[in-house]
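Quick notes on the structure that follows.
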Amino acid sequence: MADPYSTLGVARNADEKDIKSAYRKLAKELHPDRNTDNPKAAERFSEVTKAYDLLSDKEKRAQYDRGEIDAEGNPAMPFGHGFGNGFRGGQGGARGFSAQDFEGFGDAEGLDIGDIFEGLFGGRGAAGGARGPGRRPQPPPRKGANVQYRLRVPFADAATLKPQRITLADGKTIDLKLPAGLEEGTQMRLSGKGEPGPAGNGDALVTILVEPHAFFRRDGNDVRLDLPITLDEAVFGAKVKVPTVDGAVMLTIDPGSSSGKVLRLKGKGFSKKGGGRGDQLVALEIDLPEDVSELAERLKGWRDATNARAHLGA
């Protein structure tokens, strides 16, 4: 993979905000859903995503800047790119070493290059056979790189574990089954859905982000809801329609219910790791009309004889 800074089009001293902004712009432009007729866009989308994953991780970015890992996140070769000009990969192939290449290593005359690699790599090639002098050890074949994804899941879908459709970097679309006990930041591994490699495909790593809801709140495995009711519903009782993550249900409000009273709807919360689901906790809130003149006229001369603040010592 190319230099991640160049891939995202940012300077090496770019801050987190600039890196995130560059990634969002490119990801939106290159996403496979918007480029169904352009397979190269999916490849570029994958490169941009991998570059962002490396640079958005402070530790990995620092390691890359120090030359400790490459753009794929793999450890860099010892001594950078070889000894002096000893290795010329790509165009020129490899040339032999001379004594001048090893000045400062003691007696260079008659030096066996294999001895140096014996110390660095253990004395045998990747296949386990003996190596002759000067032969560069071959690393074992590796799987392809993992690909990182971030998936935003609607609040109700996260609670009910509704399968989510996701488009991978290769343009393929799958329905992702969410796991029980799902939380913000849960990471799912899709085996073999990453980049291809000599030893097989890498994996896709999907991080789940649960979207906030307009009126539901999560409390562990429970879901909380503040439910406005009218004064007459609180005084005389009523049956009212209440939204849940599974759809609306009818809820019975007992006569004489006060603001702050919490009613429980069993099994209407988030799925648990061990099975089952949490509950929905409904807190009643008496909602008076903006114009209380009619209500005041009806209550004129009436006073509540109970001490509503007795438990506070007031």
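Where a number appears in this text, it was derived from the coordinates with a stated rule and is not lab data. This one's a predicted model, so the numbers in the text were calculated from it and none came from an experiment. With ideal geometry, Cβ positions are generated from the backbone for all residues, glycine too; neighbour counts draw on all protein chains shown.
Numerical summary
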| item | result |
| --- | --- |
| Electrostatic dipole magnitude of the stretch 217-312 [Cβ: Lys, Arg +1; Asp, Glu -1; Cα centre; debye, to 20] | 700 debye |
| Long-range tail of P(r) for the stretch 4-65 (Cα pairs > 13 Å, %) | 58 percent |
| For the stretch 239-313: relative contact order, % (alpha-carbon pairs under 8 angstrom, 6 or more apart) | 20 percent |
| Cα→Cβ-extended label distance, 7 Å offset, between Asp246 and Arg298, nm | 3.6 nm |
| FRET efficiency estimate (nearest 0.05) - Cβ-Cβ, Asp175 to Gln138, R0 45 angstrom | 0.65 |
| Gain upon complete extension [Lys272, Ala14; 0.36 nm per residue less C-alpha separation] | 88.7 nm |
| All Cα pairs of the stretch 222-314, percent lying beyond 22 Å | 44 percent |
| Amide H contacts under 5 Å for Ile69, placed H, 5+ residues apart | Tyr64, Ala76 |
| Amide hydrogen neighbours beyond the local backbone of Val153, cut-off 5 Å, H modeled | Leu209, Val210, Glu211 |
